[in-house]
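See structure below.
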Amino acid sequence: MSDSEKTFYITTPIYYVNDAPHIGHSYTTILSDVLTRFHKLAGEQTFFLTGTDEHGQKVQQAADKAGVSPQEHCDAYSKRFKDAWGELNIGFDKFIRTTDPEHIAYVQDIFRRLWDKGRIYEKEYEGWYSVGEERFFTEKELVDGKDPISGRPVEKIREKNYFFKMSEYQEWLIRYIEDHPDFILPDFRRNEVLGFLRQPLNDLCISRPKSRLAWGITLPFATEYVAYVWVDALFNYQSAVAGKKFPDGSPIWPADYHLLGKDILTTHAVYWTTLLKALDMPQPRHILAHGWWLFDNARMSKTTGNVVAPMAMKDKYGVDAFRYFLIREMVVGQDASFSEEALVQRLNSDLANDVGNGLSRILKLAATGLESRLTPVPSDGEEEAALKKAAGDAVTATLEKVKALKLSFAIEDTLQLIRAVNRYLEVKAPWKLAKEGPAGKDKLNSVLYHSAEALRIGFSLLHPVMPAKMEEALTALGVGVVGSNPVALSPLKWGGYDYAKPLGQGVNLFPRVETEKPAGQKSAGGPGGGPKPAPADPFSLVHLKVARIEEVEDHPNADSLYVLRLKVGEEDRTVCAGLKKHLAKEELRGRNVVMVYNLKPANLRGVESKGMILAAEGEGGKVIPVMPEGAVSGDDIKAADTPFEPKADLTLKEFDKAPLTVQAGIVRYRDRQLNSPKGPVRAQAPDGTAVR
Ligand code: ME8
């Protein structure tokens, strides 16, 4: 199956150095590693890039806080990522840092070329600047002439910045995405990007004055400015491979896959693509946005404080069990929930029971039936023919699913083969043959050979996911040390190996984890405690409705609140909302909004409030109610594919268990868009913005 003419270049996002690596970062990086190893298995030439994103305000602030220079801060944090990937057995070809001198020179050259091509222009901007918040506010946003967040004074600043003419590429980009249906994956993400592009695309501000931010790459044509960190970061995908070639001499760019989380799809699908177009450079072949790892139903992130340390999981259960869990559990593209309990369950059922079991049986029996190694014994039995067919089917099905990026299902196809071996051993009962002495020896050898041959193929297919354990397993079968490409020594073909090496002894690949309840888990059930009943989907309890704002009044006792008089169908409702510093009364009157209809009533400083208005943080930190496009007062809002069983007097805590976010301008619960009977609920806010 060698296909050495084919090349495969894959990238992960480069991670910010203001956070320690967590399971989310580990997932993208492990997924890239697994895909790279599968492509190697298919005989392709591969290049795998990862690294760290080291410029920008956040890094400068983190360094200032720690009392170190930005470079010292970056060195320490970048090392944490690099070390973590080493511990997770990730075989990247290059680890780029945006502070590498080669990268800086590359980005400066790009800026020079964009400038020379007339793709960048300068523009004056005037606004109210808050030193405390390090950002601009519009006149309207100010409260009593002061910064609405910190309450500190603001200064009127006129500032020049540089802009990339991104808007000119809007039509081209829409056509490009339409003409290349597998450019943005999965499908529904592609549609979201197209949805986003239905609104006018602005030009992109690509500079920051050094007077406000010095930690960045100096613009070659305006030395008192640094590059906007996203433009700097995106070009890592090229600077890392500039001048590099695959062994056969073919260039590495363009990338086959940019892997990323859905939080940064717009920057890749819109900024990156238009920048490349402006430079007449080839586009990457695919941009693949995967879902989020959720913990207690919220996205894992430093700000929510719910991160799971990957190293703790790895140390407790082993690198390969951890890798296996992440790849097996998440359907690429969808969100998935992380729990230690689920990890243990997978480890025990798939790895200890299925994968480890067949091997340990063979090794135990081999000691009684053979000299020290397996001997190929031909057989024309029906069960043997079925096993051989199962092996062939597993190879085809697994590799096809990998190609379609359905890794979780690919693993399942391989496991089918391994389970078939276990069933075959049950039927053939070789432990009985072993007791027959020399009379049963040939039969015993045949059973062992056929089982081993099927397992060898299964283990080779699992090698990209669990390289260390599968090397151990293959070595125990006598296949020898296989390095990073098992197929080089042992082809994915029945009868492809002669088992010249001695068998291993006493190998227990995946010992069962005998815990009733892993530490830190609240729920009962799980491993050893029987299957856990599926909890109700938290969003199913929520009742959202469209309401019309009839009147807006100031709250008598709270400066930040409005009292909104609403019509929900025929019903009158009163709701208090903290929108006062964001919107004037006339901007709200007559507007349709979305409310949490079944929220438990609360008395807010003397006013009974029944419900809550949903809002997102838009451009410039402005809080704006979400828009139920085309819907009328009283319409229900539901999430696609989600049961609807609203609960009376929903508490805020219960509502918070169903976090809503904005992706591509649409409000979503997890991946599912919120719809009224007339269309989606929209919000003009950046991807990943929380809606509450
Ligand atoms: O965005 N679930 O860096 P970053 C799954 N520097 N994946 C997750 C995740 C979660 N809960 N949390 C993070 C940046 N990720 C920029 C990128 S690229 C030119 C610049 C993963 O450190 C996922 O891949 O915030 C996501 O896109 C990435 O980490 C964000 O990493």
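The values are calculated or read from the model by the stated rules, or taken from the named source; none is laboratory data. Treat the numbers as computed from the prediction; the structure is a model and nothing was measured. Cβ sites come from the backbone with ideal geometry, for glycine too, and all protein chains shown count toward neighbours. Side chains included, ligands, DNA and RNA excluded: accessible areas come from the protein's heavy atoms. Shrake-Rupley method; radii C 1.70, N 1.55, O 1.52, S 1.80 Å.
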Kindly provide the set of residues from segment 250-283 that are in a loop (DSSP other than H, G, I, E, B) and within 12 Å of the ligand (Cβ to nearest atom), ordered by number. A255
Out of L194, L259, L276, which single residue is assigned by TED's automatic domain parsing to the domain that holds R112, without any contact (Cβ under 8 Å) to a residue 40 or more places away in the chain and under 19 Å from I14 (Cβ atoms)? L276
Being buried (at least 22 other Cβ atoms within 10 Å of the Cβ) and farther than 17 Å from D354 by Cα: is that true of P430 here? yes
Which residue pairs have Cβ atoms closer than 6 Å, lie 6 or more positions apart in sequence or on different chains, and pair a first residue in segment 221-249 that is within 10 Å of the ligand (Cβ to nearest atom) with a second residue that is in a strand (DSSP E or B) and open to solvent by less than 10 Å² (accessible area, probe 1.4 Å)? A233/D53; N236/I96; Y237/T11
In segment 312-343, residue modelled with the highest pLDDT [restricted to those that are open to solvent by 20 Å² or more (accessible area, probe 1.4 Å), within 18 Å of the chain's Cα centre (by Cα) and more than 9 Å from the ligand (Cβ to nearest atom)]: R328
Can you tell me which of (1) open to solvent by 30 Å² or more (accessible area, probe 1.4 Å); (2) modelled with pLDDT of 95 or more; (3) farther than 24 Å from Q673 by Cβ is the one E155 doesn't meet? (2)
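Evaluate the following for F92: is it open to solvent by less than 10 Å² (accessible area, probe 1.4 Å), within 15 Å of the ligand (Cβ to nearest atom) and either under 19 Å from I252 (Cα atoms) or not basic (K, R) (or both)? So that I can check it myself, show each step before the final result.
On the way: open to solvent by less than 10 Å² (accessible area, probe 1.4 Å): no; within 15 Å of the ligand (Cβ to nearest atom): yes; either under 19 Å from I252 (Cα atoms) or not basic (K, R) (or both): yes.
Considered against the rule, which asks whether it is open to solvent by less than 10 Å² (accessible area, probe 1.4 Å), within 15 Å of the ligand (Cβ to nearest atom) and either under 19 Å from I252 (Cα atoms) or not basic (K, R) (or both), F92 comes out as no.
Could you identify the single residue in D187, D203 that is open to solvent by 30 Å² or more (accessible area, probe 1.4 Å), more than 16 Å from the ligand (Cβ to nearest atom) and free of Cβ contacts under 8 Å to residues at least 12 places away in the same chain? Break it down into steps so the answer makes sense when it comes.
Numbers: D203 fails: free of Cβ contacts under 8 Å to residues at least 12 places away in the same chain.
None of the others qualify; the one that does is D187.
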Within segment 599-645, track down each residue that is in contact with a Ser or Thr (Cβ under 8 Å, 6 or more places away or on another chain), open to solvent by 50 Å² or more (accessible area, probe 1.4 Å) and farther than 16 Å from L566 by Cβ. K600, N603, E617, E629, G630, P643, F644, E645
Which one of G216, G195 is within 16 Å of the ligand (Cβ to nearest atom), open to solvent by less than 50 Å² (accessible area, probe 1.4 Å) and not in a strand (DSSP E or B)? G216
Checked pairs for segment 550-562, first part of a loop (DSSP other than H, G, I, E, B), second exposed (fewer than 13 other Cβ atoms within 10 Å of the Cβ), C-beta under 7 Å and 6 or more apart or across chains, list as H555/R605; P556/G606; N557/R605; N557/G606; A558/R605
